[in-house]
Amino acid sequence: MKKLLIIFLINITAFSLSNQSKISDDFFQMSERCMRLEKVPERYKAQFTEFQFPNDAIVHKYILCVNRELQIWDNNQGFDIEKIYQQYRGRANEEVVLPIISRCNQDAKQRNYELWCYKAFLCILDTQVGEWFKEDVRRQQTRTLTNGHQ
């Protein structure tokens with residue numbers, strides 16, 4: 001019985017880990033797409049790779065584009081708290097993640113959606129949730145480069 005329980009828990013954990021990085025896995029691809037769609041100058045690419053996002057109008061457009069493409073941004077509510085929580089549920093419970101995203105949404109809220117999304121995104125990046133996100137994106141970038149894609 002104990003063996004069966006252990007096998008079940010291992011399978012659940014593996015399933016959870018395989019599904020938890022969907023946003024960060026897609027971020028790399030959506031970033032490239034939004035660089036093209038928004039006609040972001042190449043000089044920004046190295047900064048974005050290092051998670052540096054200058055306070056420029058084109059960067060605001062790019063951040064909004066990426067988060068819309070990832071389907072985690074809504075112009076009425078801000079970042080989708082539930083979708084982001086689902087990304088990190090294996091690392092923290094909702095009492096950790098939800099207040100962070102909610103606070104960033106509220107603190108940055110304004111009528112200019114591009115600026116709101118930009119400021120809320122930077123706020124999230126500056127939290128534990130942001131650290132997890134950066135780790136996941138870096139891991140995905142390494143995997144992509146290792147497999148010969150760029």
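Considering F133, F53, F79, F121, the condition of being more than 15 Å from I23 (Cα to Cα) and surrounded by 13 or more Cβ atoms within 10 Å (Cβ to Cβ) is satisfied by F53 alone. Among residues of region 65-83 that are on the phi > 0 side of the Ramachandran plot and among the β-branched types (V, I, T), none has a Cβ under 7 angstrom from a residue that is open to solvent by less than 50 Å² (accessible area, probe 1.4 Å) and assigned to a loop (DSSP other than H, G, I, E, B) at a sequence gap of 6+ or on a separate chain. Condition (residue is farther than 25 Å from Q141 by Cα, of a type in the set (S, T, N, Q) and modelled with pLDDT under 95) applied to region 78-101: is it met by at least one residue? Yes, because at least one residue in region 78-101 is farther than 25 Å from Q141 by Cα, of a type in the set (S, T, N, Q) and modelled with pLDDT under 95. Screening Y118, Y62, Y85 for residues that are part of a helix (DSSP H, G or I), of a type in the set (S, T, Y) and farther than 23 Å from Y44 by Cβ leaves exactly one candidate, Y85. Of R89, R68, R111, R33, all but one fail to be touching a Ser or Thr at 6+ places or on another chain (Cβ under 9 Å) and open to solvent by 40 Å² or more (accessible area, probe 1.4 Å); the exception is R89.
Restricting to region 115-126, name every residue that is more than 14 Å from P54 (Cβ to Cβ) and either without any contact (Cβ under 8 Å) to a residue 24 or more places away in the chain or touching a His at 6+ places or on another chain (Cβ under 6 Å) (or both). C123, D126 - these are the residues of region 115-126 that are more than 14 Å from P54 (Cβ to Cβ) and either without any contact (Cβ under 8 Å) to a residue 24 or more places away in the chain or touching a His at 6+ places or on another chain (Cβ under 6 Å) (or both).
The values are calculated or read from the model by the stated rules, or taken from the named source; none is laboratory data. Computed from a predicted model, the values in this text were never measured in an experiment. A quick note on method: Cβ atoms are made from the backbone with ideal geometry, for glycine too, and the neighbour counts reach across all protein chains shown. What goes into the accessible areas is simple: the full protein's heavy atoms, side chains included, and nothing from ligands, DNA or RNA. Shrake-Rupley method; radii C 1.70, N 1.55, O 1.52, S 1.80 Å.
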